[in-house]
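First up is the structure itself, then whatever we jot down about it.
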Amino acid sequence: MRVTLSGEALRVAGVVEEETDATVRDCLVQDERVVVLVGAGEMARAIGAGGEHVRRVERRLGTDVKLVEDARRPEAFVANTLAPAAVYNVTISEGEETVAYAEVDREDRGVAIGADGQNIDTARTLAKRHHDIDDIELA
């Protein structure tokens, strides 16, 4: 699936790639943070030793940065979008709509949802853009 980035998202992606040497697969510029999808297997590179790379990116951009690791399988992708919440299992149901049901630890439901639903909304946006998943529901 082809993802088109806005000019601002392209600028942010360039900064992230320059500072971390990780491949940026997608970028969402939100009001109070930036969400960056990095290539599968590149999360450690993007974070850097002790978080130095991501902190450097945050300083340059002047905003919080959330990193999400890409995954080939849609179930793994959905689990990654909900991190750092503990996701035990993801089941994809295809019918009129494609829905991912994510089993999240009871104590981590708030983390998965985020303030004002920000985290789950971001997960839904990324899942739609990369795996044509219409909704994510927490089980």
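The values are calculated or read from the model by the stated rules, or taken from the named source; none is laboratory data. Note that the coordinates shown come from a computational prediction; the quantities given were computed from them, not determined experimentally. Neighbour counts are summed over all protein chains in view; Cβ atoms, including those assigned to glycine, are modelled from backbone coordinates with ideal geometry. For the accessible areas, the whole protein counts, side chains as well, though only heavy atoms, and no ligand, DNA or RNA atoms are used. Shrake-Rupley method; radii C 1.70, N 1.55, O 1.52, S 1.80 Å.
For the pair the stretch 94-126 / the stretch 5-44, the C-alpha centres are spaced 21 Å from each other. Across the stretch 1-81, C-alpha contacts under 8 Å between residues 6 or more apart give a mean separation that, scaled by the residue count, equals a relative contact order of 26 percent. Of the residues Gly95, Gly39, Gly51, the one that moves most in a GNM of the chain with alpha-carbon contacts below 10 Å is Gly95. Express the carbon and sulfur contribution to the solvent-accessible surface of the stretch 13-139 as a percent, rounded to the nearest whole number, probe 1.4 angstrom. It is 42 percent, rounded to a whole number. Mind telling me which of Gly110, Gly14, Gly62 comes out most flexible in a GNM of the chain, alpha-carbon contacts under 10 Å? Maximum among the listed residues: Gly62. What are the trypsin sites (Lys or Arg not before Pro) within the stretch 1-103 that DSSP puts in a loop, where the Cβ has at most 16 other Cβ atoms within 10 Å? The qualifying sites are Arg2, Arg72. Working note: Cα atoms of the stretch 65-104, range along each principal axis, descending, whole Å: 34, 18, 16. The phi torsions of the stretch 104-111, fed into the Karplus equation with coefficients 6.51, -1.76 and 1.60 and a -60° offset, translate into couplings of 10, 3, 3, 6, 9, 4, x, 5 Hz, rounded to whole numbers, with Gly and Pro shown as x. The Rg/Rh ratio of the stretch 6-139, with both radii computed over alpha carbons and Rh defined as the Kirkwood radius, is 0.97.
For the stretch 42-92, count all C-alpha to C-alpha pairs, find those more than 15 Å apart, and express that count as a whole percent of the total. Within the stretch 42-92, distances greater than 15 Å cover 54 percent of Cα pairs. Mean Kyte-Doolittle of at least 0.5 and a Cα length of 27 Å or more along the axis: which whole DSSP H helices of the chain meet both? Span-like helices here: none at all. Heavy-atom accessible surface of the chain, averaged per residue, reaches 55 Å², computed with a 1.4 Å probe.
Near the amide H of Val65, within less than 5 Å, lie the amide hydrogens of Val34, all on another chain or at least 5 residues away, with H placed in the peptide plane.
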